[in-house]
Structure formats: structure tokens, C-alpha cells
Amino acid sequence: MNSAKMAGLRRRELLAGAGVVALVSALPARAANVTYGELGGEEIVLTIARGTVAMKGGRAQAVTINGTVPGPLLRLREGRRVRITVRNTLDEPTSIHWHGLLVPFQMDGVPGLSFPGIGPGESFTYDFVPRQSGTYWYHSHSGLQEFSGMYGPLVIEPAGGAAQGREHVVVLSDHSFVAPARILRNLKLDPGYYNRNRQTLGGLLAGKDQPAADRLEWARMRMDPTDIADVTGRVLTYLVNGRDPDAPWTGLYTPGEAVTLRLINAGAMTIFNVRIPGLPLQVVAMDGQPVVPVDVDELQLSPGETCDVVIRPGDGAHALVCESVDRSGMAVGMIAPREGLRAPVPALRQRPILTMRDMGMDMGGTGMSHGGGMDMAAMGHSMAMRDGNNAPQVRLGPGVEMIAPMPVDRTGDPGLGLDARYVPAGHRVLTYRDLVSPVPNPDVRPAEREIEVHLTGSMDRYMWSMDGKTMSEAHEPIPLRNGERVRFTLVNDTMMAHPIHLHGHYFELVTGHGERSPRKHTVSVLPGGKVSFDTTAEAGDWAFHCHMFLHMAMGMMRVVQVRPA
């Protein structure tokens with residue numbers, strides 16, 4: 001297929017559901033079970049259908065896999081071939097992407113890029129041999145289906161590996177009674193439509209949040225320091241394994257045993273802060289890859305990321321608390337020795353406020369006040385203007401709200417809302433720099449070249465892009481050569497975190513650990529921050545995008561095209 005024709009197909013297929021079509025229309029009142037099953041072996045069949053999910057005493061519309069949300073747990077074996085047939089009973093095309101799996105690009109499941117998609121009434125068989133082990137997941141890459149419940153967990157057992165001790169797969173997600181297309185329309189009309197955490201006059205009089213001068217300056221720059229999440233608990237219900245906090249999922253244990261929790265953030269638009277009050281979490285793997293064990297009290301997990309933690313619960317029930325990053329709600333589970341036991345669930349904590357650091361202005365050591373105040377007017381002017389050497393590849397326009405003037409490496413930061421202003425002294429929060437591979441990476445060659453990609457957007461218009469161009473505007477892919485060692489540097493020019501996922505590849509985060517750098521397939525780039533990673537190019541056409549679902553749908557996506565050397 002010639003490049004022009006391929007580009008046209010990509011744009012039509014990849015953007016088919018971006019808010020102008022209502023994929024989740026009149027669904028039949030067929031209920032889906034909230035507890036998913038488990039499938040394995042060499043032949044697996046998955047059926048995609050419309051259904052509902054039980055939530056908050058009612059039933060919300062959904063796109064289901066084998067009748068459930070989440071879909072069934074797929075338990076595969078490293079090195080053992082599997083054939084997964086996907087049957088589409090919908091009246092629209094569908095697909096499944098195996099998130100984080102190293103598969104031939106024809107099996108990657110991105111319509112218009114790696115295969116044509118699965119038409120209504122049709123079937124497609126994915127045929128591959130898993131090349132890795134660990135915790136992963138799978139989801140639709142068609143239209144708005146992922147946001148409608150089409151996702152499921154996936155565990156790959158190591159080749160010849162013996163059975164481990166007690167483990168639980170924990171799928172974190174978000175769901176709504178409001179159709180995703182309507183949520184998107186509301187955000188296009190008013191980007192703050194779902195933000196009910198804004199600063200108030202009452203808060204100002206009580207001495208909370210920012211002082212008056214800083215509030216005025218932020219207002220002049222048309223920036224909202226409470227704009228942490230664009231889709232919030234006002235419209236979302238947060239789920240653990242498909243269950244809401246009123247009917248929480250329970251993971252059982254025997255007192256005295258160690259328990260592994262395989263955490264998967266399958267949320268469409270939610271970053272979760274995960275903790276078990278009073279119980280340490282020992283992180284042993286991220287994105288399916290082992291890390292040197294590190295003990296923490298809390299971790300921030302972005303959409304697309306997975307994390308294995310080992311806990312050693314004492315007698316009684318423990319609450320698994322998964323707050324949304326903006327503190328507008330939480331997913332809740334229980335870890336208990338028997339069904340029916342519940343632990344107290346803490347109240348939502350103080351919601352965070354953005355600072356100048358989140359605007360790409362690293363003012364460390366320059367006398368910045370607690371509220372972020374300095375010469376705010378001058379800073380606002382510097383943000384409105386682009387330094388010609390700062391991001392020459394970024395096209396200015398209505399879709400680019402700002403260029404971060406002083407972005408910094410924030411891989412040592414704990415994540416939004418988890419710094420010392422919001423957690424008690426001694427509360428250990430995981431950072432990317434805490435992650436160390438237990439063995440040298442398979443490719444430790446230095447990068448041959450560097451590619452800088454700016455994550456851009458305009459919250460005011462709800463437009464998202466890379467280097468100032470949406471997917472539909474980017475007519476050329478990012479070209480790589482097979483086997484080439486490349487460094488990507490991601491610069492976040494927006495005031496929201498963006499978890500960036502590169503299909504078909506692992507990459508090594510540049511965090512100072514050399515040949516033992518942590519290997520990931522998804523990395524969250526904090527506001528005003530930058531992240532570098534090295535990767536070895538694998539032949540094929542691969543999606544490269546933000547895993548905030550609506551950010552991707554609105555254009556924060558590219559194609560990485562890897563051709564023979």
C-alpha cells in the first residue's frame with residue numbers, strides 16, 4: 001500500500017470515534033456479570049457484544065468481552081503459541097490490542113495500521129508466541145469502545161516456571177452512566193465541565209489554597225491550578241475488578257502468607273494513587289518486568305501501567321484504596337481472610353493544587369513562594385511567547401496553549417498530589433528513579449540519535465497533539481530503522497500528566513541506572529516535565545500515543561514506522 005493511501009486509512013480508522021460518532025447508543029438491557037472468568041490454553045475465543053455493568057445500584061451501558069466487564073483473565077505461557085479468535089457481534093468494527101506484548105506488528109491490533117480491523121459479524125484470529133512473562137492487559141483500539149468497558153487482564157507465566165504463592169489480579173478502571181461521546185462533547189463545550197474542585201471565595205477567606213494575588217495572576221494567564229483531571233468522579237465511578245465501592249471486590253488471604261497483587265490501570269481517563277493504609281507495598285515488577293524490590297507506602301499508577309506488589313497482611317481486613325489523582329473519588333477493594341469482612345475506608349484527602357513547576361517553570365532556588373508567586377506577569381508573558389530555540393518543530397496556533405519555558409526531568413517526583421504538601425512525613429511514595437532492573441538490559445548500546453517529541457495541547461479548547469499537530473495533521477510517521485538504538489525525549493508542554501505508550505517495544509528509562517535502567521512500555525510525563533528513554537527499534541508500523549483515552553482520540557498520537565536497516 002502506498003504511503004498516501006496508508007496515511008488516509010490510518011487517519012480514517014484511528015480517528016473514527018473521536019467524539020463525532022456516538023458508539024455507545026441504545027444498548028439492550030442484557031446484564032453482564034461483574035466477576036470475570038479465566039481462560040487459557042492454545043485456543044481461546046473472545047466474543048464482543050453490547051451489555052451492561054452493575055454499578056451504584058443500577059446498570060450502565062457497556063461493550064463487553066464474553067459478557068463481562070472486565071473481560072476474562074487470559075493466562076498464557078511464555079514461549080507457547082496461542083491462537084485467540086475474536087468474534088464481533090457489534091454493528092461496528094472492533095479490535096483488540098495486546099498492551100505491552102511483543103508481538104509481530106500484524107498481530108498488534110490497531111485498525112488501519114497493523115490490520116484492517118474486525119468488521120461487524122466477522123472474526124479474526126490473533127496468532128502469536130508470547131516472548132515475555134508478567135502482568136499485562138488487553139483492550140479495544142476501535143472508536144470509543146475501551147472507554148465503554150472493552151478491556152481485560154492478561155498474565156503470562158514464565159516458561160517452565162513453578163506455581164507461585166497466593167496472588168490476585170486487580171483491574172482498576174472507570175465507568176460512567178454517561179456515554180463517552182457525550183462526555184467528550186461536554187468537554188469540547190467546557191473543558192472544566194467536570195471539575196468541581198475549583199478554588200472558592202470561602203477557601204480564600206479561610207486561608208486555603210492560593211493567596212489572592214496568585215489567583216489573579218493565574219486567572220490572567222487563563223490557567224486553572226485545580227485542573228488536575230478533565231474527567232472526574234462527578235461523572236465516573238471507579239471500579240476494582242468491575243465492582244464499585246458500595247459492593248467492593250475482596251481478595252482473600254491466609255494470615256501469615258505473602259500475597260502478590262497484580263495491579264493493572266485499565267482506566268480510560270484516571271490516574272490512581274494506590275495504597276493500603278497501615279500496610280507496606282513491596283514493588284517487585286513494573287509493566288511486566290521485574291525490578292529490584294522496593295518498599296513504599298503508596299504509588300501512582302497511570303492508565304496503561306501495571307505494577308506487581310507483594311503485601312504481608314496481618315489478621316483482619318485491609319482496605320485497598322485507589323484515589324483518583326484529583327481526589328474526586330476512589331476505587332475500593334478489600335484484602336481479608338474471609339468474605340464479608342471490611343476495613344474502614346479513609347475519607348478523600350485534600351485535593352492538589354498545581355504550581356509553577358507544573359507549568360514548566362522550574363523555579364527551584366529562586367525564591368518562589370509557597371503559592372507559586374514571583375513575577376507572575378513576566379512568567380505569563382514568557383509562556384505566551386515561544387523561544388525559537390526551545391521547540392522549533394512546534395507549530396503555534398489555537399491548539400498549542402503554551403510551551404514550557406523551563407521543563408525539567410521529573411522522574412524523581414512522586415506524582416501529582418503526593419509531594420510533601422499532601423502526605424505525612426515518612427510516607428514513602430514510589431518514583432521512577434526508585435526502579436532498578438535486577439539484571440543488565442538486553443541491549444545496552446548507546447543511542448545513535450535522539451528524537452524530541454513535545455506533548456502539546458489547549459485545555460481551553462480541549463485539543464491534544466504531539467509537536468503541535470494532531471494525528472490527522474501529521475502526514476508523515478516517525479521513521480526508524482530496524483535494530484536502531486534511539487533515544488526519545490518527551491517534553492510535556494501542558495499542565496496535565498500524559499502516560500505515553502509505544503506499541504511493540506520496551507524502552508529503558510534514563511534515570512541514572514545505566515545498564516540496569518527500568519524497562520517499561522508506558523511512562524507518565526508530569527506537567528512541565530520531560531522524560532528520556534532508549535529503545536531498540538522493532539520492524540513494523542507502531543502506534544505511539546497518550547493513554548489518556550480522550551487525549552489520544554483528540555489527536556495526541558503518532559505512528560512510528562520501523563523499516564529494514
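The values are calculated or read from the model by the stated rules, or taken from the named source; none is laboratory data. This structure is a prediction, so every number in the text was calculated from the model and none was measured. We place every Cβ from the backbone using ideal geometry, glycine too, and count neighbours over all the protein chains shown.
Odds and ends about this structure:
- Checked against (1) out of contact with any Phe, Trp or Tyr (no Cβ under 6 Å at 6 or more places or on another chain); (2) at pLDDT below 95; (3) surrounded by 20 or more Cβ atoms within 10 Å (Cβ to Cβ); (4) not hydrophobic (A, V, I, L, M, F, W, C), Gly457 meets all criteria but (1).
- Boolean, Arg433 is in contact with a Ser or Thr (Cβ under 6 Å, 6 or more places away or on another chain) and either more than 25 Å from Pro280 (Cα to Cα) or in contact (Cβ under 8 Å) with a residue 24 or more places away in the chain (or both): yes
- Residues that are in a strand (DSSP E or B) and within 27 Å of Met554 (Cβ to Cβ) within region 125-143 comprise Tyr136, Trp137, Tyr138, His139, listed in sequence order.
- Top-ranked residue of region 266-280 - restricted to ones that are without any contact (Cβ under 8 Å) to a residue 60 or more places away in the chain and in a strand (DSSP E or B), ranked as farthest from Gly71 (Cα to Cα): Leu279
- Among the residues of region 144-177, just one is in contact with a helix residue (DSSP H, G or I) (Cβ under 7 Å, 6 or more places away or on another chain), in a loop (DSSP other than H, G, I, E, B) and of a type outside the set (S, T, N, Q), namely Leu144.
- Residue in region 56-77 that is at pLDDT below 95, in a loop (DSSP other than H, G, I, E, B) and small (Gly, Ala, Ser) present: yes
- Of the residues making up region 498-539, those that are in a strand (DSSP E or B) and hydrophobic (A, V, I, L, M, F, W, C) number 8.
- Within the span defined as region 108-123, one or more residues are within 26 Å of Asp174 (Cα to Cα), assigned to a loop (DSSP other than H, G, I, E, B), among the β-branched types (Val, Ile, Thr) and touching a residue at least 40 places away in the same chain (Cβ under 8 Å).
Okay, residues lined up against (1) at pLDDT 95 or above; (2) closer than 18 Å to Val110 by Cα:
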{"position": "Arg461", "(1), (2)": "no, no"}
{"position": "Trp464", "(1), (2)": "yes, no"}
{"position": "Ile478", "(1), (2)": "yes, yes"}
{"position": "Glu484", "(1), (2)": "yes, no"}
{"position": "Phe488", "(1), (2)": "yes, no"}
{"position": "Val491", "(1), (2)": "yes, no"}
{"position": "Met496", "(1), (2)": "no, no"}
{"position": "Pro499", "(1), (2)": "yes, no"}
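- For the criterion of being surrounded by fewer than 24 Cβ atoms within 10 Å (Cβ to Cβ) and in contact (Cβ under 8 Å) with a residue 60 or more places away in the chain, Arg485 fails.
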